[in-house]
Each structure stands twice: as structure tokens, then as C-alpha cells.
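Comments concern the structure below.
The values are calculated or read from the model by the stated rules, or taken from the named source; none is laboratory data. From a predicted model like this one, the values you see are computed outputs, not experimental measurements. Here Cβ is always computed from backbone atoms with ideal geometry, including for glycine, and neighbour counts include all displayed protein chains. Keep in mind that these areas ignore ligands, DNA and RNA; they rest on the heavy atoms of the full protein, side chains included. Shrake-Rupley method; radii C 1.70, N 1.55, O 1.52, S 1.80 Å.
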Amino acid sequence: MIVRKTPAELEKMRRSGLLVYQILQKMKEIAVEGVSTMDLEDAAAKMIGDAGAKPAFKGYYVPAAGKTYPFVLCTSVNEEIVHGMPNPKRILKSGDIVSIDVGVKLDGYYGDSAVTVPIGEVSEQTRKLLDVTRESLELAIERVRAGNRLSDVSAAVEEHVKKNGFSVVREYVGHGIGTQLHEEPQVPNYVDRRNDNPRLKEGMVLAVEPMVNAGRPESVVRRDGWTAVARDGSNSAHFEHCIAITNDGPWVLTRP
Ligand code: MF3
Ligand code: CO
């Protein structure tokens, strides 16, 4: 069942959304050459605590992994697609890209958003990977409207990514969000006729999160049991927003 939220609930989700936005703004500021991914974790953890919120990921049980995720952030560098773990030894260097994914729970409602940040000078190809992934999310957001089908959202991402010669990761998908971090429906970044394809309705909230590889789409999980990486070692980008369906169209909760 897809839970639909009342306007009052959406206002609460807006507060969670703006908190994750503020955290990611801060992350963009401090993610520079020489900083470790654990430095990002520490700063995000402090902001969440100061806001009286709870981290959404830390302690969250992930069925596919069979265990709970141990950090506030996912910091996925270069070929890491998602669930990269903060590490004081992972020092960001020029040419790297780092996906920073953060979730919070505030007043009973979740917010979840991700950005991929270039460090120093990145290659032209990498710059394009980030642009195309960000654009694919924007095109998807435009389709988060009452009356559309879920596959309209997925198709927007898939078409833009393929047209630009990159590939969509299939093993990880977006999701509904509300009083749970992961609610129905799953939001794939590709169209699969086998998936059910609900019609979108007012009050639904989707976390849309394209994960795009520069090379082949396949992923593998490292021996740490968490870090999903592009099997061919190519760079991977990830952007995420939470979007509510309103009578006035898509409302991106995770940006002002
Ligand atoms: N943004 C990802 C998601 O919504 C991050 C999940 S982190 C984990 O699924 F805690 F669930 F591992
Ligand atoms: Co998410």
C-alpha cells in the first residue's frame, strides 16, 4: 500500500527535507581536497544532533545486507555507487567525486537526499557524468505529478542517461518515504514491465535517486558487505530528492 500524506504531514516532511538540504549544503562546503570522509560524517552527525533530529541510516536494518548500517552518512567515492562508509583514512583528493547521502528523522517523519560533489579538478567525462545524473533527476521530478504513472518517472531518468551514453544501476532504487525511511513504492531508475506501475496521486511522496555509472551498469558489493561498486571500476554518480505530489505539481521537499 502506498501511504498518502495530509498537508499537515507534508509540512512535517518539509522540515526534515530542509534539514537534509542544510546538511548537504554544509557538506558541499567542507568536501575539499585533504578532508576525510569521516570528517564529513562528524560534521553531519553534529548538525543532526543540534537540530534535535535522529539520523535515518545509522542503525537502519538493510535486508539485502542482513545487518544494520553503522553511520549517519553514506560517502561513496568514485566507483563506489552507494553505501560507501565514512573512513578517517579515506582522504579526498583532486579528481575524486564523492556521493554524500543523508537521511534524518524529525518529528516522526523522514527526509533523504544525496548529492555527488567533485573534488578539485575532475575530468570532462566525470563532469558530464555529474551533469547528466543531476539533469536526469530534474527531468524525473517534473513527472512526479498526479495522474502520471510511476514508470513515467523511471523512464525520464533512463532515457536521459542512455541518450548520453551512461548506464543506470538496476540493483538499487528509490522509494516512497514518510514515517518510514523506505515505503512503497519502489522507484526504479529504469522501466521494467514486470514491476507494477501505480498511478501517482496527491499526497504521495517519492524519494527519487538516480545512480548512474559512466561505464557498464553492473554492480558488486565489496567484502565489507556494504559498499556497492561499479563492477567495471567506472565512476558512479548519485543524486536524490524527496518529492511530494500536490495539486500544484511536484513539491521538492529537500530544497528551498
Ligand atoms: N538513500 C539511500 C536509500 O534511501 C541510503 C540508504 S542508507 C542505509 O536507500 F542505511 F539504508 F543503508
Ligand atoms: Co533514499
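Computed values, structure above
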item	result
Top positive-direction residue, dipole computed over the chain with Cβ charges, set His238, Val168, Ser151	Ser151
Heavy-atom accessible area per residue - the chain, 1.4 Å, Å²	44
The stretch 7-252: translational diffusion in µm²/s, Stokes-Einstein, Kirkwood Rh over Cα pairs, 37 °C, 0.692 mPa s	184
Under the span-like rule (Cα at least 24 Å along the axis, Kyte-Doolittle mean at least -0.5), DSSP H helices of the chain	7-30
Net charge over other residues, Cβ less than 11 angstrom from the Cβ of Arg14 (K, R count +1; D, E count -1)	+1
Within straight-line cross-link reach of Lys128, lysines at Cα separation under 27 Å, skipping those fewer than 8 residues along the same chain	Lys26, Lys28, Lys93, Lys162, Lys163
Computed lengthening from Lys67 to Arg4, 0.36 nm per intervening residue step minus Cα-Cα distance	19.8 nm
Mean-position separation - Cα centroids, the stretch 1-70 and the stretch 93-141, in angstrom	14
Share of carbon and sulfur in the accessible heavy-atom surface of the chain [1.4 Å probe, %]	48
FRET E, pair Lys54, Lys128, Förster distance 41 Å, beta-carbon r, rounded to 0.05	0.65
Positive minus negative residues near Ser113 (Lys, Arg vs Asp, Glu; Cβ under 11 Å)	-3
Positive minus negative residues near Phe71 (Lys, Arg vs Asp, Glu; Cβ under 14 Å)	-1
